[in-house]
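See structure below.
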Amino acid sequence: MCIQALLKGTIGLVHAISNARKQEKWGLLLLESIIGLILGVIIISWPEASIMTAAVLIGIWMIATGLAQLASAIVDESTAKRGLVGAGGLLSIIIGIVIVTVPRETVDLAHKLSAIQSLALGIVFIILGFYLMLKGDKTEAA
């Protein structure tokens, strides 16, 4: 998580600087990038305490964004998307409450899901490599 925060923060910082030079919107991107960099440094500095704190903060953030989405769905006049926005908001609130209530279990589950995803992606790339090799395709695999 800390590497992701540092990478996203760094890439966002470069993007914000690029946008500022082109006189495009950059302020919120810069703020998001700085927050990501700070979060990454904190997690590296205090890993054990940071994991549970980060989980709880993510849960709180999900509850807050879910509430904002629900409010948006209530205020929005467009009937086509208000149901989807409201459902997304409700889902964010529920997941946020679960994260805040049982952060250790949530972190354990996220770790396991990440491992499963990495394993599955590795298998897909191995199969893709064999497929390209057997096909005789000279393009580079991503």
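Where a number appears in this text, it was derived from the coordinates with a stated rule and is not lab data. This structure is a prediction, so every number in the text was calculated from the model and none was measured. Heads up, the Cβs are rebuilt from the backbone with ideal geometry, glycines too, and the neighbour counts pull from every protein chain shown.
Some values worked out for this structure:
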quantity	calculated
Residue list for the range 83-120, filter: over 27 Å from Thr65 (Cβ atoms) and not small (Gly, Ala, Ser)	Leu119
Qualifying positions in the range 9-32 - of a type outside the set (Val, Ile, Thr), within 28 Å of Trp46 (Cα to Cα) and out of contact with any Leu (no Cβ under 9 Å at 6 or more places or on another chain)	Leu28, Leu31, Glu32
Count of residues meeting criterion [among the polar types (S, T, N, Q) and free of Cβ contacts under 8 Å to residues at least 24 places away in the same chain] in the range 7-49	4
Filter result for the condition that a residue is more than 24 Å from Leu6 (Cα to Cα), surrounded by 13 or more Cβ atoms within 10 Å (Cβ to Cβ) and out of contact with any Ser or Thr (no Cβ under 7 Å at 6 or more places or on another chain), over Ala20, Ala73	Ala73
Residue list for the range 1-28, filter: closer than 20 Å to Ser50 by Cα and among the aliphatic types (A, V, I, L, M)	Met1, Ile3, Ala5, Leu6, Leu7
